[in-house]
1. Between Glu253 and Phe147, what is the label-point separation in nm under the 7 Å Cα-to-beta-carbon projection?
2. Under a point spin-label approximation (7 Å from Cα along Cα-to-Cβ), what is the Ile11-Ile57 distance to one decimal in nm?
3. How large is the convex hull of the C-alpha atoms of segment 181-264 per residue, in Å³?
4. Students often get this wrong, so check it: of Lys121/Lys209; Lys163/Lys209; Lys175/Lys264; Lys174/Lys264; Lys137/Lys163, which have C-alpha atoms separated by over 26 Å?
5. Could you list Ile51, Ile218 in order of exposure, starting from the residue whose Cβ has the fewest other Cβ atoms within 10 Å?
6. How would you rank Asp176, Asp181, going from fewest to most other Cβ atoms within 10 Å of each one's own Cβ?
7. Spelling out what I want: for every residue of segment 135-148, take phi, set θ = phi - 60°, compute 6.51 cos²θ - 1.76 cosθ + 1.60 (Karplus), and round to whole Hz; glycine and proline get x.
8. Peptides 220-228, 205-213, 184-192: what's the order by average Cβ count within 10 Å, highest mean first?
Amino acid sequence: MVLFDIGFINIRFLDILDILIVAYFLYVIYKLLKGTIAFNIIIGVLVFSIIWWLVNILNMQLLKLLLGKLVGFGVIILIIIFQPEIRRFLLYLGNSTLKGRFKFINKFFYQSFNKQNVNIKIIDEIHIALLNLASEKTGALVVFTDFNDSIINERNGVVLDAKISHELIESIFKKDTPLHDGAMIVIGSRIYSVGTILPVSPRTDISTKYGTRHRAGIGMTEIGNSEVLIVSEETGSISYAQSGQLEANLSKEEVYEKILLQYK
């Protein structure tokens, strides 16, 4: 179906849809590569493509032969170089699809699970634990996710499946305990696992004032649908990571709101 004509060009609904889909994929790729070394490689590939185009137009035989050999192996080379980014891209699409699907199911079959029915005690326990850890400058990583997250399938860390309490959370992250360096995974009203090793973000645009703990928190949200609260061991400040973005120096009220968001 033709929507309208521009001179000799017929623009259909499918053409507009095609452009929107391509634009969305380019945005997702940009979002995943922004701040990484891979982004600079992409720029290099674009420059190489322009040079290759010019060489063909000008019919420069020697350069055409040399660059042609490189193009022949280019796809394999790019797959090897971009293997981590390709994995992140596929995980992003998979997790986004699953997240949307389960939101749809929840909307129609689990409407009773809402803010009014949430056990406020759980939120209070997590809130108290994070504030106490922050006051003692004890580092912590608390991940809120679900069973569809890729980190669950990797099965690293110690599965605890325990009831949430501020005493337990604080004891887990005490510096003299063997599991304090890893992350605590929270699924619903239970502590699923502790001592979990998270993927560290490879981005270069993250401020150097943030260490491995913050990079791990950000990295976790880049590949899954999780959200992370981070307590800094150096400053005692609490940060919040979501979709690869970090909100630092949260107030007590803001920390409570971020926890509450996980149970809406």
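Any read-out appearing in this document is the output of simple, stated calculations on the displayed coordinates, not a laboratory observation. Nothing here was measured: the structure is a model prediction, and the numbers come from that model. Neighbour counts are summed over all protein chains in view; Cβ atoms, including those assigned to glycine, are modelled from backbone coordinates with ideal geometry.
1. 3.8
2. Between Ile11 and Ile57, the label points sit 2.6 nm apart.
3. Expressed per residue, the convex hull around the Cα atoms of segment 181-264 is 95 Å³.
4. In this structure, Lys121/Lys209; Lys163/Lys209; Lys175/Lys264; Lys174/Lys264 exceed 26 Å between Cα atoms.
5. Details: Ile51 12, Ile218 25.
Ascending number of Cβ neighbours within 10 Å: Ile51, Ile218.
6. Values: Asp176 5, Asp181 14.
Least to most surrounded, the residues fall as Asp176, Asp181.
7. After applying 6.51 cos²θ - 1.76 cosθ + 1.60, I find 5, 8, 6, 9, x, 7, 10, 10, 9, 9, 8, 9, 6, 8 Hz.
8. Working: 220-228: 24.0, 205-213: 12.7, 184-192: 19.6.
Highest mean packing first, the order is 220-228, 184-192, 205-213.
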